[in-house]
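Some notes on the structure that comes next.
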Amino acid sequence: MRTRRPVFARTVMSLLVAILGGLLGGGTSAFAASSVAIPIFGTVDGSPESVYVTGVAQITSALVKTDAKFHHPRRVIQNVSGQGLSTGTTYVTTGQDEVMRQLVASDLVEITFALSPNGAEGLTSARAGLASFTLTFDVSTGALTGGTATVSTP
C-alpha cells in the first residue's frame, strides 16, 4: 500500500477510525497497543547520487474492531538518515504514517517517504524512498511481535 497523506488528513482518518470503531464495536473498540523498534536500512537510487539510508522505525499497532472483523491500525514513525554515496551529503527524513489493515499473522506494509538533503535547499531537492515492513502478529492476542524493514527506490 503506497499512500501519502497530509498530517491533517491522517488525523481526521484516525479520529474517524476511532469513532467508527466505537460505534460498530459496542463501545470497546481498541485493545492495548503493542510497539516494536525495527532497524531499517537500504539504498535509494537517483540523481544526483544514490543515498544509503539507516535508522530505526518505531511501529505501534492497536487491535480495533471496526465490523465483524478485527483490524490493526499500524502507526509507523520513521526517524532515519542517509549519506550520499558520491558526495557524503547527509540526507534526512522524519515522518508518521498510519494504515488500517486486517489482522493476519504476517503482513507486508509499504510506505513512500520523502528523503532530502539536510540544509537550506533540502525541501527543493527531496526525493522519494520506499520503506517496506514485514510485520508479525500474535493473532490470538493481536500483539505486534516483531518485523523486518528495508529501504529501496519506489
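The values are calculated or read from the model by the stated rules, or taken from the named source; none is laboratory data. Everything numeric here is computed off the predicted structure, so don't read it as measured data. Cβ coordinates were reconstructed from backbone atoms using ideal geometry, including for glycine residues, and neighbour counts include every protein chain displayed. The accessibility values were calculated without ligands, DNA or RNA, using every heavy atom of the protein model including side chains. Shrake-Rupley method; radii C 1.70, N 1.55, O 1.52, S 1.80 Å.
If packing is taken as the average count of other Cβ atoms within 10 Å, what order do 121-127, 52-58 fall into, highest mean first? The partial results should precede the final answer.
On the way: 121-127: 12.7, 52-58: 17.1.
Top of the packing list down: 52-58, 121-127.
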Taking the inverse of the average 1/r across all pairs of different Cα atoms in segment 103-154, what Kirkwood radius in Å do you get? 12.8 Å
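Could you provide, to the nearest whole Å², the per residue accessible area of segment 84-154 with probe 1.4 Å? Let's see the in-between values first.
On the way: 3340 Å² over 71 residues.
Here the per-residue accessible area is 47 Å².
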